Amino acid sequence: MLYTSNFIVVFSDDVGSKGQGGTISSQRARADKEQKLLIKELREQLQVQRNKLAEMEENLQTPPKKRSYVYKDAKDAWTTLDHWCSTYAREDLFHQVKFITSDSQLDSYEDEGSIGHAFLTKYTSCHQQPDNMSPEFRIQLWTKAKDRIRKAINRKRGSICSNLKKQFTRKFN
C-alpha cells in the first residue's frame, strides 16, 4: 500500500481473485477503514499540535512592559496648574534655561531674570490680571509650581539627549 498526501493507492496483482488480494469491494472496504483510521490519527496529531501551540503562545506572552522609572506623580492626579506648568516649562522655559543646578535658582520669584519671575509673568498674562494677584497668592503659586517646572525641564532635557543619541548611533552605525 502506498500513502500519498490525500489519497490511498492500493496495488494488487490479483484484483478479481479471492486469494491474496480479495474482491474489489473488500479492498475498498479495507481502504476506507484504513483511510478513516489515518484521518482519525491525523486529527489527533493536529489537536496535539494545536495544544502545544496554544501553550507556547501562553508562555511567550510577555507581561506588560514595566517602566524602569516611576514618577511619584501620576499624570491622572495632576491639577490643571500641574499640566500648565509642565507644558510651559517644556515648550517655552526650556529654551531659556537648560539646567537647574540648585534649589537657589528656584527660590526667587521677584528678581527679574529668575525662573520664578518668568513663570509668574507668563502665568499672569495667560490666566489673571497682575492686580488681582496678592503676594500670598504669588508665594503659594510659585511654591506649588517650582517642583513641577524642575521635573518638566529635566524630562525634556533627558528626552532630547536620548533622541540625539539615537540619531547619532543611526548615522554612524
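Restricting the stretch 116-137 to residues that are within 18 Å of Asp103 (Cβ to Cβ) and more than 35 Å from the chain's Cα centre (by Cα), which is surrounded by the most Cβ atoms within 10 Å (Cβ to Cβ)?
Applying the filter and picking the extreme gives Gly116.
Identify the single condition in (1) modelled with pLDDT under 80; (2) loosely packed, with under 10 Cβ neighbours inside 10 Å that Tyr109 does not satisfy, given that it satisfies every other one.
(2)
What is the residue count in the stretch 153-173 for residues that are modelled with pLDDT under 85 and assigned to a helix (DSSP H, G or I)?
The qualifying residues number 2.
Which numbered condition trips up Arg150, out of (1) farther than 28 Å from Cys161 by Cα; (2) part of a helix (DSSP H, G or I); (3) in contact with a helix residue (DSSP H, G or I) (Cβ under 8 Å, 6 or more places away or on another chain)?
Unmet for Arg150, out of (1) farther than 28 Å from Cys161 by Cα; (2) part of a helix (DSSP H, G or I); (3) in contact with a helix residue (DSSP H, G or I) (Cβ under 8 Å, 6 or more places away or on another chain): (1).
Among the numbered criteria (1) within 21 Å of Trp84 (Cβ to Cβ); (2) in contact with a helix residue (DSSP H, G or I) (Cβ under 8 Å, 6 or more places away or on another chain); (3) modelled with pLDDT under 85, which one does Ser125 miss?
Here Ser125 clears every test but (2).
Residue by residue through the stretch 111-122, note down the ones that are free of Cβ contacts under 8 Å to residues at least 24 places away in the same chain and not acidic (Asp, Glu).
Once the filter is applied, which keeps residues that are free of Cβ contacts under 8 Å to residues at least 24 places away in the same chain and not acidic (Asp, Glu), the stretch 111-122 yields Gly113, Ser114, His117, Leu120, Thr121.
Looking at the structure I just gave you, is Ser86 among the polar types (S, T, N, Q), within 30 Å of Arg148 (Cα to Cα) and at pLDDT below 75?
No.
Among the listed residues Arg170, Arg157, which satisfies the condition of being closer than 20 Å to Gln105 by Cα and of a type in the set (D, E, K, R)? Break it down into steps so the answer makes sense when it comes.
On the way: Arg170 fails: closer than 20 Å to Gln105 by Cα.
Every option except Arg157 fails the conditions.
The values are calculated or read from the model by the stated rules, or taken from the named source; none is laboratory data. Computed from a predicted structure; not experimentally measured. Counting neighbours? That spans all protein chains shown, and the Cβs are built from the backbone with ideal geometry, glycine included.
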